[in-house]
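What follows is a set of notes on a single structure, which appears directly below.
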Amino acid sequence: MRYTPLEHAGSGEKLARDIFAVDGRVLLSKGVTLTIGLISKLRDMGVTGVYMEDSRFADIPQEELVSETTKRNVMEILAASGPLLSGSTIQEFRGLSETVENLIDEITANKDVLASITDIRSADNELFLHMLNVAMISVLIGIHMKLEREKLKELAVGALLHDVGKVEPSCLAAERDKDTAGKQTHHAWKGFHLLRKAAGVSTLSAHVALAHHEHPDGSGMPRGLFSRDIHLLAKIVACANMFDRLHTSGVLPHTACEQMMALSGSHLDHAVVWRFMRAVAFYPNGTQVRLSTGATGIIIRQHAGLPQRPVIRLLEKSGSDFSYSEIDLAEETTLFIEKVFA
């Protein structure tokens with residue numbers, strides 16, 4: 001498996017990962033052979049990159065925090081909760097509790113796997129995939145911070161629903177208008193007002209949605225809280241949210257991590273960032289890179305607790321053939337990743 005920008009995907013190549021619709025249905029299954037028409041359709045959907053099958057890297061492990069089944073279940077729940085998300089009525093998120101339990105169980109079992117954002121996004125599924133990714137990363141941070149099970153559940157629900165206030169277009173329109181934007185028009189307030197009335201959502205989970213844009217230095221929104229007044233769970237979601245948003249905007253994972261480290265203590269909580277940096281893959285498996293020696297290769301394995309120094313399979317062309325060798329950056333301390341091909 002290797003990641004490639006859509007513009008470099010060729011007709012005849014096969015997808016290595018499913019592409020989801022907004023409601024969790026599989027639009028295109030892994031193993032599907034791309035055609036010029038399918039590539040054009042993916043481009044129209046807003047897809048910018050895909051994971052492709054590659055016999056040279058068929059043994060690269062696809063380590064996942066959460067199963068495809070659980071991901072689909074989460075997206076189905078979000079998609080089926082339209083009345084609540086639109087604010088037209090108050091109802092319980094059906095199946096939310098069971099799905100959250102499954103989410104926590106799977107991430108606990110895979111807690112040594114470094115988190116990677118590898119699902120293929122489109123304009124249609126972006127918001128719900130964002131909410132799912134933030135929940136997965138938040139729970140992983142919470143596990144590493146040794147939160148009790150009940151707190152993990154409240155964290156998972158708050159993280160999963162942190163952006164429900166963005167679903168109503170009028171809310172975002174008002175928020176973007178600097179002349180009219182205020183505390184009550186911020187999507188965090190909108191989400192809080194919806195969630196605090198929803199059956200099955202605790203007050204703490206609702207406050208996570210309210211405070212996930214607050215900053216320790218008091219410069220955040222919507223209330224300008226300082227660190228002492230921001231709950232730990234909201235600080236965790238703020239960290240996961242920033243990472244996924246940076247990724248969505250085109251910032252590569254290692255660069256996103258560097259930017260977040262620079263914001264530690266001001267926009268993000270230092271203790272949370274410290275845990276986050278040891279739980280996320282700076283260079284996800286399948287990423288194409290160039291080393292400081294000029295050699296190019298693909299990331300094939302990670303080291304738990306040492307995300308900056310993965311294992312790389314190098315490609316060396318000899319005539320019409322390729323030869324392979326592997327370098328472990330945890331052992332080769334004088335070598336560095338110089339460029340990531342996005």
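The values are calculated or read from the model by the stated rules, or taken from the named source; none is laboratory data. Just so we're clear, the structure is a prediction, and the values are computed from it rather than from any experiment. Note that each Cβ is placed from the backbone with ideal geometry, even for glycine, and that neighbours are counted across all protein chains shown. The protein model used for the area step is the full one, side chains on, heavy atoms only, and it has no ligands, DNA or RNA in it. Shrake-Rupley method; radii C 1.70, N 1.55, O 1.52, S 1.80 Å.
Looking at the square roots a ≥ b ≥ c of the eigenvalues of the Cα gyration tensor of region 224-327, which shape do they give, rounded for a/c under 1.5, prolate if a/b is larger than b/c, or oblate?
Prolate shape, in that a/c is at least 1.5 and a/b is the bigger ratio.
Sorted from largest down, give the three principal axis spans of the alpha carbons of region 215-272, whole angstrom values.
32, 20, 18
What's the angle, to the nearest 10 degrees (0 to 90), between helix 126-144's Cα axis and the longest principal axis of the chain?
On a 0 to 90 degree scale, this one is about 90.
Please check: in the Gaussian network model of the chain (C-alpha springs, under 10 Å), which one of Val164, Val26, Val237 has the largest mean-square fluctuation.
Val26
Highest mean first, what order results for 251-257, 67-73 on Cβ atoms within 10 Å?
Packing order, densest peptide first, comes out as 251-257, 67-73.
Ordering Ser227, Ser249, Ser205 by accessible area with a probe of 1.4 Å, largest first, what comes out?
Order by accessible area, largest first: Ser249, Ser227, Ser205.
Given Ser97, Phe192, His247, which one lies farthest toward the positive end of the charge dipole of the chain, if we put +1 on the Cβ of every Lys and Arg and -1 on the Cβ of every Asp and Glu?
Result: Phe192, furthest along the dipole toward the positive end.
How big is the chain along each principal axis, measuring the range of its Cα positions in Å and listing the largest first?
66, 44, 42
Just Thr293, Thr185, Thr35 to compare: in a GNM of the chain, with alpha carbon springs under 10 Å, which one fluctuates most?
In this elastic network of the chain, the residue with the biggest mean-square fluctuation among Thr293, Thr185, Thr35 is Thr293.
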